[in-house]
1. Would you mention how many residues in segment A:198-222 are in contact with a helix residue (DSSP H, G or I) (Cβ under 8 Å, 6 or more places away or on another chain) and at the interface with chain C (Cβ under 8 Å from one of its Cβ atoms)?
2. Just to check your reading of the model, which residue among C:136, C:194, C:123 is surrounded by 16 or more Cβ atoms within 10 Å (Cβ to Cβ), within 11 Å of chain B (Cβ to nearest Cβ) and without any contact (Cβ under 8 Å) to a residue 40 or more places away in the chain?
3. From the set of residues in segment A:181-197 that are surrounded by 14 or more Cβ atoms within 10 Å (Cβ to Cβ) and more than 9 Å from every other protein chain (Cβ to nearest Cβ), which is nearest to residue A:143 (Cα to Cα)?
4. Taking the condition of being assigned to a loop (DSSP other than H, G, I, E, B) and touching a residue at least 24 places away in the same chain (Cβ under 8 Å), how many residues in segment A:161-210 meet it?
5. Restricting to segment B:84-105, what's the tally of residues that are in a loop (DSSP other than H, G, I, E, B) and farther than 28 Å from residue B:194 by Cα?
6. Tell me whether segment B:178-198 contains one or more residues that are more than 20 Å from residue B:102 (Cα to Cα), in the same structural domain as residue B:27 (by TED's automatic domain parsing) and either touching a residue at least 12 places away in the same chain (Cβ under 8 Å) or surrounded by 14 or more Cβ atoms within 10 Å (Cβ to Cβ) (or both).
7. From (1) assigned to a loop (DSSP other than H, G, I, E, B); (2) within 30 Å of residue B:153 (Cα to Cα), pick out the condition that doesn't hold for residue B:60.
8. Determine which single condition residue C:152 fails, assuming it passes every other condition in (1) within 10 Å of chain A (Cβ to nearest Cβ); (2) over 13 Å from residue C:24 (Cβ atoms).
């Protein structure tokens, strides 16, 4: 039953496809994280705002996104937006849009926690030297929050990279889709999936290591 | 008060213990006789608490031995090699030594009565009804009869510590260890805990305590041990230790409590 | 009701939707049950295990958290078939989902146990409780209270992850909606309908988790 003869030549022949797929996935993850951070920051400020409507809208956004399966969001965006007349997005753009909105909700929670954990004394000290509100945010609050939230930023990037596998559902040629193609075309099941698994693992590990180095650089400032 | 003729209960010989390169205990010898109240005093970092924790094996130590009723605690020597006793054996020995902690350590998911009953039912194997009776007796004895159904978070620090004492003493230990049990309390709650301890001492319980309550130590202890730098620097009756400190270090240490001690006369 | 309206189409597809909902529910409950039981065992092993065992579990936990669930599901689906292990897609999916969730729950359990104050273990030792008794009467009851809120989060994640079973052809709730869409082209309506249903389930779970968290917030050690 368990006698399987490995034949890795299939993988070498498709190696370029695997690498392209990996890069596409990474690119989509990084882009989504960047857009997600912008969305997340705005939403976090909205949740901490005085305005009740703004507060509520930000809360609703976060809860809606976080309690809906990502795959469903991907389909809603890809199949639903054209129904609303938004037809200029291709598969990759549609997926990145979805993942950005998704990342935005998670980053909003991270940033909200980060903003609320900043000691009041910092802000008061900034007030005392006569900084204006936006100056206080730009030079005091945001830099401190960035350092506090750095670890969750790296966790989120890893999660987002893993989430790019869902793009396979709308035939974006990322890693999971490529593995499935190789599997279907060559019937080398083990080779295809072991390769994909290994590439995901190595990349996640590399992201973790790289970002830990960044964290260490900023850790001294507390 | 116990005389020096009472049976030897606890005997420690040459106990040494290091944390990494730092030698905390450099060979501690100590005898506690049945019914005695022995107090360990000394500056923080002198090793009092560490030694106390070695006695019921919350800390492992490298050399030396500790005997309770002549039986070696925690280890057995087998062809000159020291082996740790099994989990069951260590637990059985711990059950004969009660301990009260600085931070109370009551189980937060159990009421006062349940805290006291846990060891009685699970370790002593007593039926629930009997365990409950014993628990109520001891909670009454520490003045908390009306608090037995309260949970730790509903009790003040002093009340929590009294429950902790009831929990330890209900197991009928041969020896009770007290590790700075009033240090975490607000000043106005210290007295109620000390009163319970004094009551226990009068009833003949053998007690070994680490304390900074010098007045209490002076009034209640039979024997005072001053530890300094991981060794016993001076030991004797309270009057002797407090009146005739043999070393400048002890004199300096006692100097901090000068007002309190002279006030006690 | 008129043909072509959303409510009419829901009525037409009611049995398929209900069955999809049932599949989603049973996949979630099964995964949660398996993952909780094995995750608890691995979590305790990760905290107290013999060193080589701890390493093995650590490798498993870290590896599983570095692989997308979808890859695990596809791997299980194609891989098991390859070895002529005849399991229906539903079970291949549940096994993969559970394998993934076990790693998360084990890590949550370890964190919960290690966050308990040392004094609790010491007090339990001091009254003579043995290791298994300390675990049963003190550590697990306390860790449970710490771990319940993050565990509820994992449950909500599992419910969301069951949608991935649709990719290997399990007609769970999402796929049953897509099948309805394929017949009536009410794309937005049915996707929104599905979103609302998932939202209700997960919002309930997360609110329950938040409530439990508040309930145990007063614990002092």
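The values are calculated or read from the model by the stated rules, or taken from the named source; none is laboratory data. These numbers come from a predicted model, not from an experiment. Cβ coordinates were reconstructed from backbone atoms using ideal geometry, including for glycine residues, and neighbour counts include every protein chain displayed.
1. The total comes to 3.
2. Going through C:136, C:194, C:123 in turn, the sole match is C:123.
3. Only one residue tops the list, namely A:195.
4. Matching residues across segment A:161-210 total 5.
5. The total comes to 2.
6. no
7. Single failed check for residue B:60: (2).
8. Here residue C:152 meets the rest and fails (1).
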